[in-house]
Amino acid sequence: AVPRTRILATGGASHNRTILQVLSDVFNAPVYTIDTANSACLGSAYRAIHGLVAERNVSLADVVKSAPEPRLAVTPTAGAEEV
């Protein structure tokens, strides 16, 4: 896996541990979820805010500091990358 690679899963499928495990194994990366309603829209909102403050040299990292912390849902199964 690429160092620091992680997957953030949102929406209905993010409640299905089996689907999350497949994602983790295929991409050989941990999968995180956010317990927030409409979390997919939340990402768009943060990008929009970033666009509004871009001329003030505010980084996206600074914009999302108030975002809910993702929680680790699953990690890759040992040996999955060999399959």
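The values are calculated or read from the model by the stated rules, or taken from the named source; none is laboratory data. These numbers come from a predicted model, not from an experiment. Neighbour counts are summed over all protein chains in view; Cβ atoms, including those assigned to glycine, are modelled from backbone coordinates with ideal geometry. SASA here: full protein model, heavy atoms, side chains in, ligands and nucleic acids out. Shrake-Rupley method; radii C 1.70, N 1.55, O 1.52, S 1.80 Å.
Based on the alpha carbons, how large is the Rg to Rh ratio for the chain when Rh follows Kirkwood? Mind showing how you got there, number by number?
On the way: Rg = 15.0 Å, Rh = 14.2 Å.
Ratio of gyration radius to Kirkwood radius: 1.06.
Which cross-chain or sequence-distant (5 or more) residues have an amide H under 5 Å from the amide H of ALA73, H modelled 1.01 Å from N in plane?
For ALA73, whose amide H was placed from the backbone, the distant partners under 5 Å are VAL31, TYR32, THR33.
Per DSSP H run of at least 4 residues, take -39500 (n - 2.57); add these up for the chain, divide by its residues and hand me the 222 nm value, nearest 500 deg cm²/dmol. Show your work: numbers first, answer last.
Values: 3 runs with 30 residues, N = 83.
Rounded to the nearest 500, the figure is -10500 deg cm²/dmol.
So what is the relative contact order of the chain, in percent, for Cα pairs below 8 Å that sit 6 or more residues apart?
Working: 99 pairs, mean separation 33.2, N = 83.
Rounded, it is 40 percent for the chain.
By how many degrees, 0 to 90 and rounded to 10, does the Cα axis of helix 39-53 deviate from the longest principal axis of the chain?
The answer is roughly 40 degrees.
Taking only Cα atoms, what is the 0 to 90° angle, nearest 10, from helix 17-27's long axis to the longest principal axis of the chain?
90 degrees
I'd like to check one number: the per residue accessible area of the chain, probe 1.4 Å, reported in Å² as a whole number.
Details: 5940 Å² over 83 residues.
Heavy-atom accessible area per residue stands at 72 Å².
With a point put 7 Å past each Cα toward its Cβ, work out how far ALA61 is from ARG47 in nm, to one decimal.
2.0 nm
Take the solvent-accessible surface of the protein heavy atoms, probe 1.4 Å, and return the percent of it on the range 7-74 that carbon and sulfur atoms account for.
Ligands and nucleic acids excluded, carbon and sulfur give 58 percent.
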